[in-house]
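Below is one structure, written out as structure tokens; the observations come after it.
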Amino acid sequence: MSSKERRIGVVPFGEVPELALKVIAAHISGYFNLSADILPSLENPEFALDERRFQYNAAIIIKEFESMSFNDYEKIIGVLNQDLFVPIFTHVYGEAKQGGKFALVSLFRLSKNPDGSSPPSSLFYERAAKVALHELGHLFNLFHCEEKQCLMHFAGDLEDLDESPPYLCRYCSTYLRNDSSFQGL
């Protein structure tokens, strides 16, 4: 399948700012050279709410996602406003199953600075795009990178995320380009 035929779906869960979806889709198209379409909205994932934490379990959402059919799309990025967690972290900005088909991006914490103030909208959208590209990297089998100037470097907080570039380091880019399952870059 050529990169022109490969499609990535961007799926909102509930009410998600349309511009955030467009920015994410545009970054996927522009950076990974893959077609990205915004798909119809799904319902909020109330089934994944952990009432003790007042957060949504990302693993439960991804497992439910896996039971859905998205025939024309190789990979799917779900975007939601809910706060996500995985049991080993207090929160996550996104989550993906390594080498899988489905990933999540949470906008919840991206819209607040560490001091509680709101970032400029351009920074909010940049954060959303970086998280989406990072999670898509995991779907294409990239692991966390030790190079701080790499999109695949682990971002544990917003300062880390803001300092990470919106592109892969030379090693990760080469790995992805040479991976026979990926022919986008």
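The table below lists the values:
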| quantity | calculated |
| --- | --- |
| Ranked by how many other beta carbons lie within 10 Å on average, peptides 40-46, 10-16, 77-83 from highest | 77-83, 10-16, 40-46 |
| Estimated 222 nm signal from helices in the chain, with DSSP H stretches of n ≥ 4 weighted -39500 (n - 2.57), rounded to 500 | -9500 deg cm²/dmol |
| The chain: Cys lacking any partner C-beta under 4.7 angstrom | C172 |
| Gaussian network model of the chain, springs between alpha carbon atoms under 10 Å - residue of A103, A20, A128 with greatest fluctuation | A20 |
| Residue order, fewest to most beta carbons within 10 Å, for E74, E163 | E163, E74 |
| Lysine pair number, Cα distance threshold 14 Å (strictly under), the chain, separation 8 or more or different chains | 6 |
| Near-label residues of the range 73-102 by backbone N, under 18 Å of a point 7 Å along Cα→Cβ of S111 | 78-85, 92-94 |
| For L84, distant residues with modelled amide H under 5 Å away | Y56, V92 |
| Percent antiparallel among DSSP beta bridges (both partners in the chain, rounded to 5) | 30 |
| Around A59: net Lys/Arg minus Asp/Glu count, Cβ-Cβ under 15 Å | -2 |
| Cα centre as origin, Lys/Arg/Asp/Glu Cβ charges: the range 7-178 dipole, Debye | 440 |
| Check: the range 81-154 dipole with +1 on Lys, Arg Cβ and -1 on Asp, Glu Cβ, in debye | 120 |
| For the chain, with +1 on Lys and Arg beta carbons and -1 on Asp and Glu, the positive-most of S173, M152, N44 along the dipole | S173 |
| Value of Rg/Rh across the range 1-51 [Cα atoms, Kirkwood radius] | 1.10 |
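Readers should treat all values here as calculations from the given coordinates under stated rules, not as data from a laboratory. These numbers were taken from a predicted model, which means no experiment stands behind them. All Cβ positions, glycine included, derive from the backbone under ideal geometry; neighbour counts span all protein chains shown.
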